[in-house]
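Asks: Below are the structure tokens for one structure; questions will follow.
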Amino acid sequence: MKILVSKCLLGYDCRYKGDNCRNDKVLRLAEQGYEFVGICPECDGGLPTPRPAGEIVSGNVLTKEGIDITQQYKKGAEVALDLAKRNNVAFAVLKSKSPSCGYGKIYDGTFSGRLTDGNGVTAQLLSDNGIKIICDDEL
Ligand code: SF4
């Protein structure tokens, strides 16, 4: 059974700072027979690593300096959805709080570390297409 997984949880150094957030609970899913389909929507959308952090502000994704990177986020979300469909994934395990992968809670757009209710761009598109999402911190 295949599942979509945020690549930073698998140990890839694809976070905006160039590091990862490897999660052993996620990795252990492989021992239960799950096959990972890795995604990093921000990279897949054409953004470099490292890169400026983005947050969702009034429906658009902006850097702290106000540069609009919404299109890159949307492109990465489309790549993720395409991979999810082509691999017929059972569900997705995504990194919490991210403006791409976060589900339920994301940073609130003030670049202050505060959270608000909402979904990242990729999580929203996957959810809209019926794909069940579990955040890493729910495992
Ligand atoms: Fe991880 Fe998703 Fe951010 Fe990529 S876009 S670094 S997979 S949280």
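The values are calculated or read from the model by the stated rules, or taken from the named source; none is laboratory data. Bear in mind that the values here come from a model prediction, so they are computed numbers and not experimental data. Counting neighbours? That spans all protein chains shown, and the Cβs are built from the backbone with ideal geometry, glycine included. All accessible areas refer to the heavy atoms of the entire protein, side chains included, with ligands and DNA or RNA removed. Shrake-Rupley method; radii C 1.70, N 1.55, O 1.52, S 1.80 Å.
Asks: Post the alpha-carbon centroid distance, the range 42-105 to the range 5-31, in whole angstrom.
Replies: Value for the Cα centre distance between the two parts: 15 Å.
Asks: Straight-line reach from residue 64: which lysines have Cα under 20 Å away, leaving out those fewer than 8 places along the same chain?
Replies: 17, 74, 97, 105
Asks: Quick one: 3J(HN,Hα) in Hz for the range 101-115, Karplus 6.51/-1.76/1.60 with θ = phi - 60°, rounded, Gly and Pro as x.
Replies: Those phi angles translate into 9, x, 9, x, 9, 9, 5, 8, x, 9, 6, 10, x, 6, 10 Hz.
Asks: Excluding ligands and nucleic acids, what accessible area in Å² is computed for residue 137 using a 1.4 Å probe, to the nearest 10?
Replies: 100 Å²
Asks: Probe radius 1.4 Å, ligands and nucleic acids left out: which of 51, 15, 28, 86 has the largest accessible area, and how do the rest follow?
Replies: 86, 28, 15, 51
Asks: Additional query: If you build a Gaussian network model of the chain, linking Cα atoms that sit under 10 Å apart, which residue out of 53, 92, 84 swings the most?
Replies: 53
Asks: Return the Rg/Rh ratio of the chain with Cα-based radii and a Kirkwood Rh.
Replies: Ratio of gyration radius to Kirkwood radius: 0.94.
Asks: Quick one: Karplus J couplings for the range 40-51, per residue in order, coefficients 6.51, -1.76, 1.60, θ = phi - 60°, nearest Hz, x for Gly and Pro?
Replies: Here the 3J(HN,Hα) series is 9, x, 5, 5, 5, x, x, 7, x, 10, x, 8 Hz.
Asks: Something else now. Just the number, please: carbon plus sulfur as a percent of the accessible area of the range 2-138, 1.4 Å probe, no ligands or DNA/RNA counted.
Replies: Of the solvent-accessible surface of the range 2-138, carbon and sulfur hold 45 percent.
Asks: Then there is this: Can you tell me the length gained on complete extension of the stretch residue 78 to residue 116, counting 0.36 nm per residue apart and subtracting the Cα distance?
Replies: 11.3 nm
Asks: Cysteines without a disulfide-compatible partner in the chain, using Cβ under 4.7 Å as the rule?
Replies: 8, 21, 101, 135
Asks: If you don't mind, another one. Taking only Cα atoms and a 10 Å spring cutoff, compute GNM fluctuations for the chain and point out the largest among 128, 82, 19.
Replies: Highest fluctuation among the options: 128.
Asks: How large is the accessible surface of residue 49 in square angstrom, using a 1.4 angstrom probe and rounding to the nearest 10?
Replies: Only protein atoms counted, so the area is about 60 Å².
Asks: Please give the calculated 222 nm ellipticity per residue for the chain, where each DSSP H segment of at least 4 residues contributes -39500 (n - 2.57) and the sum is spread over every residue; nearest 500 deg cm²/dmol?
Replies: -6500 deg cm²/dmol
Asks: Restricting to the chain, compute how many DSSP beta bridges are antiparallel as a %, nearest 5.
Replies: Among the beta bridges of the chain, antiparallel pairing accounts for roughly 50 percent.
Asks: Shifting gears a bit: Any chance you could give the angle, 0 to 90 degrees and rounded to 10, that helix 70-86 forms with the longest Cα principal axis of the chain?
Replies: 10 degrees
Asks: Using DSSP to define loop residues, name the GluC sites (Glu not before Pro) in the range 38-130 whose beta-carbon has at most 14 other beta-carbon atoms within 10 Å.
Replies: Answer in residue order: 65.
Asks: Which cross-chain or sequence-distant (5 or more) residues have an amide H under 5 Å from the amide H of residue 133, H modelled 1.01 Å from N in plane?
Replies: 92
Asks: To continue, here is another question. Per residue, how much accessible area does the chain have with a 1.4 Å probe, in Å²?
Replies: 51 Å²
Asks: Go ahead and set up a Gaussian network model of the chain, Cα springs under 10 Å, then flag whichever of 100, 58, 127 fluctuates most.
Replies: 58
Asks: Evaluate the charge dipole of the chain about its Cα centre and quote only its size in Debye, nearest 20, assuming +1 on the Cβ of each Lys and Arg and -1 on the Cβ of each Asp and Glu.
Replies: It comes to approximately 120 debye.
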